[in-house]
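First the structure, in the form of structure tokens, and then the observations on it.
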Amino acid sequence: MTNISTHTMVATQGLTKQYGSVSALDGVDLTVPGGTIYALLGPNGAGKTTTINILTTLAQPSAGSAQVAGFDVVRQPDEVRKRIGVTFQDLVLDPDLTGRQVLDIHGRLYRQPTSLRRQRIDELVALVQLNDAIDRLVKTYSGGMKRRLELARGLMTDPQVVFLDEPTQGLDPQNRATIWDYVRMLRRERGLTLLLTTHYMEEAEALADTVGIIDGGRKVAEGTPSALVAALGADRIRISGSGDASHLLSELRALPFVDSVTPFERGLEVGVDSGSRRIAEVVASASGNGFTVEDVSVLRPSLGDVFLQYTGRALRD
Amino acid sequence: MNATITIWSKHMTKFFRNREELGGLLLQPILWVVLFGVGMGALVRNVDGSDYMSFMLPGVLALTALGGAVGGGMALLDERLRGILKEYLAAPIPRLSILMGNAASTVTKALFQATIILVVGALMGAHITGNPLGWVALVVLLAMFTIGFAGIALAFAARSKSIMGYHGLIFLFNLPLLFASNALYPLVNMPGWIKAIALANPTTYLIDALRGLTFGGTASIALPISFAVTTLFAALGMALALWSFRRTIR
Ligand SMILES: Nc1ncnc2c1ncn2[C@@H]1O[C@H](COP(=O)(O)OP(=O)(O)O)[C@@H](O)[C@H]1O
Ligand SMILES: [Mg+2]
């Protein structure tokens, strides 16, 4: 059941959404090829949910346009709706239904015949490992179980494109890892196209083929996680120890491959072009000038540093 | 239609599972009939040629339908505030079918209550017609009236920011609709200006027709007019609900 498609499955052009005087989205262009995972990474209020709402036809853009699976979200909303699965940022489950009823009602809304619904429910319950709980009321589920049930619901109608708005928000590390496994599996085995949002950089790094960094309603950077990090160019070498670091500081600043030297309470942080190549030279210059080195480590930049670079702010939880 | 039935059956599943709602909904009409029947019935023997119980029951039916419609709006508001509505909105179903599903479960519950009211009322001496057409008329009129008021309730529920706000708004409608009607006084005895208000109120047409068709009295308004008014009320109520709903989900 693979529907791998190299066509563009999600695209937006100049997507803009105004809420009164608040500009929730301000001219966002996205392109997500079929069979890939795209992660929108950004802090709270960046416009991630607004983007998902427009792409899933829950909200209309103020300007710009968007297509999902080749259909325009404003002019052909029903065509879009037939082809997508969604999990929303908040858990939206009826507490007074059983897990099985939740899935069954969802299938009925999409006019799936009874036999197909039964078959899909069996498959999905096995996939998200809810076998023991599926006939219990949803209000007895843990947060992780609810998320898994929602994921199963999103997949119930065999969608071509799946949208996950902060799929692991509020989950413990173990449940988070489980959801990550499902997401990877869906792309690998079913060739699904996934667009997810997150404010955890590890999540974007772990899952996405392409990451789009979004802040204040604008896309500020985009690329594969490794390309985004590599584009920063530099590593940092952290030297800690005891003694007077002032001589070392001026000596390091004179070296051609050093971009920056920043003191911290127990030593210095040195910005270099490549941490692994320069570590020996940096340590060598630290001998015989009043500073005793006790520990050296190379810090590779993360998507968090990429975020800092493009927005001037740290990515907070 | 498919989505309407799905949403209706979901609401009914939840309803039968919720003992509190079920109990309240069954007890409330019994309480009304007994209170009106025993309390007022002891003071007033006869109104406009019919016994007090038969005179009162159409008003009790209307009151219960109003309460049911408020509950129907509440169900939509609850699903909206919880975000459950998003599941429907992202599905390839007409927006109207969401409202229709809600109205359908509201009507079903109102008809349950009507059955109880009629049984208890009959036990307490009301004269209920044996003519099956009278029963069909009751179901149709009551369903139309409930849909109409459910539409108004849904229109508020689609916009309200909170449960308190919703109840505040709905309260402005609920009781006046009952008091400014012929529920408690016969139309013929009303002073002119009250009568004019009562005639602008769809509740009056429901009650008047029910008295004539189901409770062995005489209708003072021509029956086709009463049917037309309640049907129009149903259509306008749902149109209002749809208009309000469309505006919120932009
Ligand atoms: N319905 C709304 N009415 C008014 N402002 C809104 C609404 N939805 C979102 N916003 C505003 O739009 C901005 C983006 O919000 P959102 O898309 O939810 O961000 P994110 O999902 O990245 O946290 C925020 O400033 C938010 O306050
Ligand atoms: Mg969000």
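Numbers below:
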quantity: Shape call, segment A:116-159: gyration tensor on alpha carbons, a/c limit 1.5; calculated: prolate
quantity: Expected 222 nm ellipticity per residue - DSSP helices of 4 or more, -39500 (n - 2.57), all of chain A, to 500; calculated: -10500 deg cm²/dmol
quantity: Electrostatic dipole magnitude of segment A:273-317 [Cβ: Lys, Arg +1; Asp, Glu -1; Cα centre; debye, to 20]; calculated: 180
quantity: Potential lengthening between residue A:189 and residue A:123 on full extension [0.36 nm per residue; Cα-Cα distance subtracted]; calculated: 22.4 nm
quantity: Cα gyration tensor shape for segment A:234-300, rounded if a/c is under 1.5, else prolate or oblate; calculated: prolate
quantity: On Cα atoms only, tilt of B:52-82 relative to the major axis of chain B in degrees; calculated: 10
quantity: Using a Förster distance of 56 Å, the FRET efficiency for residue B:228-residue A:300 (Cβ separation, nearest 0.05); calculated: 0.15
quantity: Separation of the residue A:131 and residue A:13 label points, Cα + 7 Å toward Cβ, nm; calculated: 5.0
quantity: Tilt relative to chain B, helix B:19-34 - C-alpha long axis, 0 to 90 degrees, to 10; calculated: 20
quantity: Percent RCO, i.e. relative contact order, over segment B:2-249, from Cα pairs under 8 Å lying at least 6 residues apart; calculated: 27
quantity: Relative intensity, log₁₀ I(q)/I(0), of segment B:2-249 from a Debye sum that treats every alpha carbon as a point, q = 0.07, 0.08, 0.12 Å⁻¹; calculated: -0.23, -0.30, -0.68
quantity: Point-charge dipole on Cβ atoms (K/R +1, D/E -1) for chain B, about Cα centre, debye to 20; calculated: 880
quantity: Gain in span if fully extended, residue A:244 to residue A:181, counting 0.36 nm per residue against the direct Cα distance; calculated: 17.8 nm
quantity: Per-residue average of Cβ from other chains inside 10 Å of A:104-111; calculated: 6
quantity: Coordinate range along principal axes, alpha carbons of chain A, Å, largest first; calculated: 80, 46, 37
quantity: Cα gyration tensor of the protein assembly as shown - equivalent ellipsoid semi-axes, whole Å, descending; calculated: 66, 23, 21
quantity: For segment A:210-218, Karplus couplings with θ = phi - 60° (6.51, -1.76, 1.60), whole Hz, Gly/Pro x; calculated: 10, 10, x, 8, 10, 8, x, x, 10
quantity: Approximate spin-label separation residue B:115-residue A:96, in nm, with each point projected 7 Å along Cα-to-Cβ; calculated: 1.9
quantity: Inter-label distance, nm, simple model (7 Å from Cα along the C-beta direction), residue B:248/residue A:21; calculated: 2.7
quantity: Residue mean of other protein chain beta carbons inside 10 Å, B:88-101; calculated: 4
quantity: Shielding by partners - mean other protein chain Cβ count within 10 Å, residues of B:125-133; calculated: 0
quantity: Computed E for residue A:230/residue B:18 - FRET, C-beta separation, R0 45 angstrom, nearest 0.05; calculated: 0.20
quantity: Mean projection area, nm², convex hull over Cα of segment A:168-307; calculated: 11.2
quantity: Three-way shape label, segment A:75-121, alpha-carbon gyration tensor, a/c 1.5; calculated: oblate
quantity: Members of A:146/B:161; A:82/B:10; A:17/A:139; A:82/B:161 lying beyond 24 Å, as alpha-carbon distances in this model show; calculated: A:146/B:161; A:17/A:139; A:82/B:161
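Each reported figure results from applying straightforward, stated rules to the coordinates on display, with no laboratory input. Nothing here was measured: the structure is a model prediction, and the numbers come from that model. Ideal geometry is used to build each Cβ from the backbone, glycine not excepted, and the neighbour counts take in all protein chains shown.
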